[in-house]
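Undergrad: Can you keep this structure in mind? I'll have questions shortly.
The values are calculated or read from the model by the stated rules, or taken from the named source; none is laboratory data. Predicted, not measured: the structure shown is a model, and the values here were computed from it. Heads up, the Cβs are rebuilt from the backbone with ideal geometry, glycines too, and the neighbour counts pull from every protein chain shown.
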Amino acid sequence: MSTNYRVAVRALCDFTAREGDLDHRFTPAPSAQEGMEGHTLVASRRGADYIAELPLSGRYEQLTVTGRADGFDPVNHRLEEIKTHRGSVERMADNQRALHWAQVKVYGALLCAERGLESITVTLVYLEIASGKETLLTHDATADELQAFFVEQCQRFLAWAQQEADHRQRRDGALCNLRFPHATFRPGQRELAEDVYKAASTGRCLLAQAPTGIGKTLATLFPMLSAMPRQQLDRIAFLTMKTPGRRLALDALATLRMGDKDETLPLRVLELVAREKACEYPDRACHGESCPLAAGFYDRLPTARQAAVEQGWLDRQALREVALAHDVCPYYLGQELARWADVIVGDVNHWFDSHALLHGLAQANEWRAGVLVDEAHNLVERARGMYSAELDQQRLNRLRRVAPSPLSGPLGRLARQWQAVIKAAGLEAAGDKGPPGYALLETLPDKLVGAVQQVGAAITDYLGEHPDQASLELQELLFEALAFCRLAERFGEHSLCDLTRHGRGRAVLGLRNLIPADFLAARFNAAHSVVLFSATLNPAHYYRDLLGLPENTPWREVVSPFSACQLEVRIRSDISTRFRDREASIEPMVATIAQQYQRRPGHYLAFFSSFAYLEAAITRFREAHPDVPVFSQTRGMPEAQRDAFLARFSPGGRGIGFAVLGGAFAEGIDLPGDRLIGAFIATLGLPPFNAFNEALKARLSARFGQGDDYTYQIPGMIKVVQAAGRVIRSPEDEGVVVLMDDRFAQPKVRALLPSWWQLGSHSSY
């Protein structure tokens, strides 16, 4: 090999020792926490000389192999690989057992070489979590035998390692000479690119507020790619909140890959999509006996993987074509290729979720990763969802009626604890005839949580003995229980527990994350650099506090390429949209919208705080101005209808679309030119005043001293600015934004509006 290459023992064996079918039939497996506890338990049963987590490394030619052996008994020369499991160990698949033997033999070879041992006993320790029983499989091996096995695995991997090392060398060489793909930068684009490059070069995080229209996607990808060879970055992840963001990233990467000499940049790009969108046979189970793309998956994976990396460009369609050409599953081929791609484009959950694929790979392989987060103003709410969980009483009741008899006891105990919690919260009759009842619980209901844990253990044990009985209902309750219990174990001031009763047998117990910082801080630290960018990242302290960004994270604002003369911004300070004033506000708002339309006919969007408010306004508008074309967003609008709504905004057309602030049409849509020439915003976007938000306010006030701002003011104004941002999409656009609420004139609120806006009238229209 011309270039050194480094690989972890697990990655090496994954590559060389897997064979047979892909099989994702449900099998009860210990959680990561249970796995760690199991390793600790086994170590505690060994002698005083036992060495746990023994680091080992070795070389074959230019290939360096590293890892940590689970345990070594130096007295008896016994090396152990510990695997926790549930149910009968005999049910473990042969290919999985082969992988385990490969791992312990490689560790054995490394240990013998390091300590000069002539022989050793390699042992697989299978620990059954529920019973604590150990099953030991042992093999007495000579150092020569283990070394031969190690060499065999290395040789199998060697051609791939050579290819990967050569690819890395070509990639980094090309990136050192990467040129911006256009003759000039757009206004503001160079400044953003410079800030991103500095962040990558110094290994820091960055908050970058940059307006729409400057080309943020290209201005973040280009400098991060330029920094890649200089900072020895292994991977770049471009993460988005919605599918359109992925498309923009792929378009920018396609432009960069072409270069300026008609030579394709040697850069592997992979788009990760959700399983349900990638599955070719959604009506079939994910195993070789059901799905033809799962049968023999690992046998065909090497050729599919090779074909994929040779192609290099692997968006959703290209990946599918490669997968089907080799009769393998597109989704799981994508999961495999995440290990070998240079740039991965996907959803934010791939790095920030508790089971994030890319974060897990980065940790396992010790990657230096550069992470770009688009539309990052959404990350607070997205992360809160990632670290929240619910228990549904209805699901429990449905399962009780059909559950096998061994589960009736644990399910019955859980049902009784449900009723006890409902009674203690004073919600016994709530929701039966009136609105749902809601209560914040001061502490976790420990007895109910204990009952949930027992149900989870009982279902797991049952399915371990009866894998053919893994019904969808049982699995759903198990996953719900496990997720709830995992978060319950980490319950603290970052979350709260609430109970909602919609009627008899229809209660929901929630663990709601309020401060994602306590979960996300480690994710930022795990990356070399994270750049969060959006048109609305103001104020900086809101994001630093709630996301858990490092204290030295700078905030940068890119000067807008738009001039104040492009956007007329007016405030109707004689209108109040407070709840008590809603009815009185409709007439002047309808008059304002009509007057502006008559002044300059064209396409407009009018945003309201709720569907009820919207419906009242559009009804009155139709009565007063039947000649003006209007159309409306509706509750639960399916995708086809959303597309039809946007299609109304055709070039040269006219009409007013009524929509809800914070909904599908308030951000992430692009209607340039005369497709949209103005917006009316009839609200500050404040979250509703209720018990949950007041509890959130109290918690944020106690932690940060910013309860009202962090709960109501800032989230509301983010929605306002995002909605207003639909109007000006390019340097050529012109339009108007009318803010219809007296509170927009308050200095504190105006400070949260874009600095380039020049606010007009604060009085009547």
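Undergrad: State all residues of region 698-728 that are assigned to a helix (DSSP H, G or I), more than 16 Å from H377 (Cβ to Cβ) and touching a strand residue (DSSP E or B) at 6+ places or on another chain (Cβ under 8 Å); if no residue qualifies, say none.
TA: Hit for region 698-728 is R699, nothing else.
Undergrad: Here's another thing I want to ask about it. Inspect all residues belonging to region 396-407 and state whether any of them is among the hydroxyl-bearing types (S, T, Y) and closer than 30 Å to G716 by Cβ.
TA: Checked against the condition, which is being among the hydroxyl-bearing types (S, T, Y) and closer than 30 Å to G716 by Cβ, region 396-407 yields no hits at all.
Residue-by-condition table, conditions (1) in contact with a Phe, Trp or Tyr (Cβ under 9 Å, 6 or more places away or on another chain); (2) in a loop (DSSP other than H, G, I, E, B):
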position: T553; (1), (2): yes, yes
position: V569; (1), (2): yes, no
position: D574; (1), (2): yes, yes
position: E583; (1), (2): no, no
position: E587; (1), (2): no, no
position: A591; (1), (2): yes, no
position: Q598; (1), (2): no, no
position: L614; (1), (2): yes, no
position: A617; (1), (2): yes, no
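Residue by residue, here is whether (1) in contact (Cβ under 8 Å) with a residue 60 or more places away in the chain; (2) assigned by TED's automatic domain parsing to the domain that holds W418; (3) out of contact with any helix residue (DSSP H, G or I) (no Cβ under 8 Å at 6 or more places or on another chain); (4) more than 28 Å from R384 (Cβ to Cβ) holds:
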site	(1), (2), (3), (4)
Q454	no, yes, no, yes
D468	no, yes, yes, yes
L482	yes, yes, no, no
R486	yes, yes, no, no
T500	yes, yes, yes, no
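Undergrad: I'd like to check something: does region 545-561 contain any residue that is of a type in the set (A, V, I, L, M) and in contact with a Cys (Cβ under 7 Å, 6 or more places away or on another chain)?
TA: So far as region 545-561 goes, yes, one or more of its residues are of a type in the set (A, V, I, L, M) and in contact with a Cys (Cβ under 7 Å, 6 or more places away or on another chain).
Undergrad: Which residue is farthest from the chain's Cα centre (by Cα), if the candidates are limited to region 260-290 and must be aliphatic (A, V, I, L, M), part of a loop (DSSP other than H, G, I, E, B) and closer than 30 Å to Q169 by Cα?
TA: Only one residue tops the list, namely L265.
Undergrad: Can you tell me which residues in region 162-213 are at positive phi and modelled with pLDDT of 90 or more?
TA: Residue satisfying the conditions is G203 alone.
Undergrad: Do any strands (runs of 3 or more DSSP E) entirely within region 111-227 hold 2 or more residues that are buried (at least 18 other Cβ atoms within 10 Å of the Cβ) and in contact (Cβ under 8 Å) with a residue 60 or more places away in the chain, and if so, which?
TA: Passing ranges, in order: 119-128, 206-209.
Undergrad: While we're here: Kindly indicate which of F608, F658, F665, F621 is more than 30 Å from the chain's Cα centre (by Cα), closer than 26 Å to P754 by Cα and either among the charged types (D, E, K, R) or buried (at least 17 other Cβ atoms within 10 Å of the Cβ) (or both).
TA: Values: F608 fails: more than 30 Å from the chain's Cα centre (by Cα); F665 fails: more than 30 Å from the chain's Cα centre (by Cα); F621 fails: closer than 26 Å to P754 by Cα.
Answer to the selection: F658.
Undergrad: Looking at (1) surrounded by fewer than 18 Cβ atoms within 10 Å (Cβ to Cβ); (2) part of a loop (DSSP other than H, G, I, E, B), which is the one condition that is false for F649?
TA: Of (1) surrounded by fewer than 18 Cβ atoms within 10 Å (Cβ to Cβ); (2) part of a loop (DSSP other than H, G, I, E, B), only one is false for F649: (1).
Undergrad: Same structure, new question: Restricting to region 399-427, name every residue that is closer than 27 Å to L440 by Cβ and either small (G, A, S) or under 32 Å from the mean Cα position of the chain (by Cα) (or both).
TA: If the condition is that a residue be closer than 27 Å to L440 by Cβ and either small (G, A, S) or under 32 Å from the mean Cα position of the chain (by Cα) (or both), then L414, A415, W418, A420, A424, A425, G426 are the ones that fit.
Undergrad: Pick from region 33-58 the residues that are under 30 Å from Y5 (Cβ atoms) and in contact (Cβ under 8 Å) with a residue 24 or more places away in the chain: which of them is surrounded by the fewest Cβ atoms within 10 Å (Cβ to Cβ)?
TA: This residue is S57.
Undergrad: Then there is this: What residue, of A254, A219, A237, is assigned by TED's automatic domain parsing to the domain that holds A522, closer than 26 Å to W756 by Cα and among the hydrophobic types (A, V, I, L, M, F, W, C)?
TA: A219
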